[in-house]
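Notes to accompany the following structure.
The values are calculated or read from the model by the stated rules, or taken from the named source; none is laboratory data. From a predicted model like this one, the values you see are computed outputs, not experimental measurements. Here the Cβ positions follow ideal geometry from the backbone for every residue, glycine too, while neighbour counts run over all protein chains shown.
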Amino acid sequence: MKKRILLISSDFFKYYELISKELENQGWVVTYMNDRPSTNPFMKIFIRKFRFLMTWYLNAFYLKKIKNSGVFDHVLIIKGEGITPKLIRHIRQHHSRGKIFLYLWDGIKNSTGALQNAAVVDQTFTFDPQDSEHYNFSLLPLFYVESVNKNIELKADAQWDISFVGSVHGDRLKVINRMRKNSVTGTRFFIFVYFPSKLLFYFRKFLDNSFSSFAPGELSLKTLPKQQAQAVFNSSRAVLDVHHMNQTGLTMRTLEVLSLGKKLVTTNETIKKYPFYKENCIWIIDRNNPQVDPAFFTSEVPADYAVLLKPYELAQWVKSLTKI
């Protein structure tokens, strides 16, 4: 008889679909719940800024939603932004005969309610080394998806010297803008910045002086499909990664890019501590004055470099989070 798992996660770039598929590949029957009652941007804002006013609603919503879901052998909560300690206790008492794990793929400073939830689960994992040390959480870096890589058509010649595909947050626009200004003439850039709401788009437009430096096609209210993004990376000599200032963990982008055998330009110095760090493959920049030696783009990535990323493939990540 197959084991049942309850997966509670955000719909962040649909990663939950890839996680669910891998769980099924490993023999689990998956029940999925979004970690917020609604994907409306205003719901996210209210949960993050006014959680103390939302607790009663969150409890009522999820207690009703899980009422007839049965009993699970394992529960995996990823971030769990709208999940409360009361709900976790209820799941443990009425819907779980196994462990309840929490995984944080954002830093604690960006994860509302995470510390309260961590206090009532069996084990908390984090992608962030600093949070792991400070809160005694288990460190587990993020992942890349090998099956997606296999569907990418390999390009003999690079169309772009450096590309960026990602959502807007923090100082990303400013860092990208500085990067372009500091680059030698003729450097070929591909830029795609996703805005999750029109409100955020216009807020940035009027208050962020770097906004006007971007062409209309570089800013979008729609995400770039995953395979299309991977194709852009594969047509680039290097990919730019601008991590959040409140985090030290490696982004998903980092592992996706390096697993493709592409070079990485990143603001995150923590990457030096990982076993796959190689100076000729990874260039670390100062976010306030980002500069890259042009020679970095032209040197070759070792043919066997991607092998170093194998421990970070999704299948291994799932195994770590489903151990009983």
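A few notes on this one:
- Number of residues in segment 13-33 that are loosely packed, with under 15 Cβ neighbours inside 10 Å, closer than 22 Å to Leu221 by Cα and in contact (Cβ under 8 Å) with a residue 60 or more places away in the chain: the value is 1.
- Extreme residue, modelled with the lowest pLDDT, among residues of segment 132-145 that are under 17 Å from Met252 (Cα atoms) and either buried (at least 19 other Cβ atoms within 10 Å of the Cβ) or touching a Leu at 6+ places or on another chain (Cβ under 7 Å) (or both): Val145
- Residue list for segment 34-49, restricted to those being out of contact with any Gly (no Cβ under 7 Å at 6 or more places or on another chain), aliphatic (A, V, I, L, M) and either in contact (Cβ under 8 Å) with a residue 40 or more places away in the chain or surrounded by 15 or more Cβ atoms within 10 Å (Cβ to Cβ) (or both): Met43
- Those strands (runs of 3 or more DSSP E) of segment 221-309 in which at least 1 residues are within 30 Å of Tyr202 (Cβ to Cβ), considering only elements entirely within it, cover 236-241, 263-266.
- Segment 302-322 residues that are closer than 16 Å to Lys278 by Cα, paired with ones that are of a type in the set (Ser, Thr, Tyr) (beta carbon under 7 Å, 6 or more apart): Ala306/Ser259; Leu309/Tyr144; Leu309/Ser259
- Thr251, sole failed condition from (1) polar (S, T, N, Q); (2) in contact with a helix residue (DSSP H, G or I) (Cβ under 8 Å, 6 or more places away or on another chain); (3) surrounded by 17 or more Cβ atoms within 10 Å (Cβ to Cβ): (2)
- Contacts under 6 angstrom Cβ, first residue in segment 95-124 being without any contact (Cβ under 8 Å) to a residue 24 or more places away in the chain, partner among the aliphatic types (A, V, I, L, M), 6 or more apart: Ala118/Leu102; Asp122/Ile100; Thr124/Leu102; Thr124/Ala118
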